[in-house]
Amino acid sequence: MHQPFATAQRADDPSHRREYTHYLAHRMAPAIHALTVLAVAAYLLAAGGRAFVSVSPVPLWLRLAPSVPLALLALVARREKRPVPLSLLALSCVLLLEVGVNLNGIGQVPGQRLVLPGLLLPVATSVIWIGRWDFVVAMALCALGPLPMLLLGSVSGIPVFQYTVYMTIAIAVATVLRAFMTRTLFEQFRLEKQLRVQAHTDGLTGLLQRNRFLELARYALNDLYVRRIPAAVLYLDVDHFKQLNDAFGHAAGDEVLVKLAEGLRSQMRESDLLGRIGGEEFVALLPGVNLQHAHSRAEQIRVAIRAVHRPDRLLTISIGIVQCNRHGESLESLMSRADNAMRQAKLNGRNQVVIDHSIA
């Protein structure tokens, strides 16, 4: 269930890393698909071009064979959004290209030009790797892939030395490009997450704003109905709040609301949902509690809030409670009944908890 009161996530928090990984997967998926399609076209062009300019001991059909699984990878990558499968698809593409480099390089005169496609791969793929593990594996494949062709095709160590130097440079460039890309995407991820939080929370109290609370509460309520878990809705309203604003100004009222929100947060569990519905009105959804437990929780909240300072009197709140005991009852209906119970608490003298008994 949503945890609106969780503290700010650290960069090394597992849930934070998992969220960022999925974010990267969604951002990288189009690029990975585009590169797999490009890999198919480039491979067919390179292998076909070799057939026109030189003779190879490897049959043409065998040299073109890697294009078939490459095309299949391109089709699969089109709809894949999950991090690990995307990484495996991209790594498979690199592996097939390295196989193709070897198949098409056999029989040529040894030299740097043999491994030019292999030298391009680290830089060309540097920005698509989602995690460190797939980047390291990909660079290892790029570095080791053309070696069989070089070692089998030449006794001299000069081509291997040239290849080692240029591949080291290519991997270094790829590492730098990936580092800058990763930093840029992380900053974008952090900014987007911050904007989402600001859009979903009340600017004054930091609690869920009305629309976000209703969205999350409807989802949670449906889940509670399906799983037949008891729950309760609390409707809370500050007593004599208009008098506070009239006598001391809205700044004083805002200060009291901020402290009230802090007090309410301290009484909530991670599974609870709490939102600011109106000016001084708040609603909480408490999953996993029966009516008696909900009443006890509400009394604890009411007593705890009295510790919040307001300039003219003790801060008190009136609370209405409704039990979610009618399967399929809408959130709006529950809130309306809880609101009526809260109004009854106002009529009874305020600073008290009233249970809605309209449904046995």
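When region 247-272 is filtered for residues that are part of a helix (DSSP H, G or I) and touching a Gly at 6+ places or on another chain (Cβ under 9 Å), the ones remaining, listed by number, are Gly253, Leu257, Val258, Ala261, Glu262, Arg265.
Scanning region 295-329 for residues that are under 26 Å from Asp202 (Cα atoms), modelled with pLDDT of 95 or more, under 37 Å from the mean Cα position of the chain (by Cα) and among the small types (Gly, Ala, Ser) turns up Ala298, Gly320. Residue count for region 308-344 satisfying the condition of being hydrophobic (A, V, I, L, M, F, W, C) and in contact with a helix residue (DSSP H, G or I) (Cβ under 7 Å, 6 or more places away or on another chain): 8.
Annotation note: Cβ proximity below 7 Å between a residue of region 163-182 that is under 12 Å from Ile128 (Cα atoms) and a residue that is part of a helix (DSSP H, G or I) and of a type outside the set (A, V, I, L, M, F, W, C) (sequence gap 6+ or interchain) occurs for Ala174/Pro122. When Leu86 is tested against the conditions (1) surrounded by 22 or more Cβ atoms within 10 Å (Cβ to Cβ); (2) under 20 Å from Leu119 (Cβ atoms), the lone failure is (2). Here Glu187 does not qualify as in a helix (DSSP H, G or I), acidic (Asp, Glu) and touching a helix residue (DSSP H, G or I) at 6+ places or on another chain (Cβ under 9 Å). Residues in region 238-270 that are within 20 Å of Ala307 (Cβ to Cβ) and among the small types (Gly, Ala, Ser) were compared, and the one that is surrounded by the most Cβ atoms within 10 Å (Cβ to Cβ) is Gly253.
One residue alone among Phe282, Phe248 is in contact with a strand residue (DSSP E or B) (Cβ under 7 Å, 6 or more places away or on another chain) and among the aromatic types (Phe, Trp, Tyr), and that residue is Phe282. Considering only residues that are polar (S, T, N, Q) and either modelled with pLDDT of 80 or more or surrounded by 13 or more Cβ atoms within 10 Å (Cβ to Cβ) (or both), which ones fall in region 190-213? Across region 190-213, the qualifying residues are Thr201, Thr205, Gln209, Asn211.
Scanning region 286-315 for residues that are in a helix (DSSP H, G or I) and of a type in the set (Gly, Ala, Ser) yields Ala294, Ser296, Ala298, Ala304. On the basis of being part of a helix (DSSP H, G or I) and either at pLDDT below 95 or touching a Leu at 6+ places or on another chain (Cβ under 8 Å) (or both), does Ala341 make the cut? So Ala341 does not fit the description; no. The condition of being aliphatic (A, V, I, L, M), modelled with pLDDT under 85 and either on the phi > 0 side of the Ramachandran plot or buried (at least 17 other Cβ atoms within 10 Å of the Cβ) (or both) does not hold for Ala39. Condition first: under 21 Å from Val354 (Cβ atoms), touching a residue at least 24 places away in the same chain (Cβ under 8 Å) and among the polar types (S, T, N, Q). Now tell me which residues in region 253-312 satisfy that. Result: Gln267, Asn290, Gln300. Of all the residues in region 161-188, those that are modelled with pLDDT under 90, buried (at least 16 other Cβ atoms within 10 Å of the Cβ) and touching a Leu at 6+ places or on another chain (Cβ under 8 Å) number 3.
The values are calculated or read from the model by the stated rules, or taken from the named source; none is laboratory data. As the structure is a computational prediction, the values presented were derived from the model and not from experiment. Ideal geometry is used to build each Cβ from the backbone, glycine not excepted, and the neighbour counts take in all protein chains shown.
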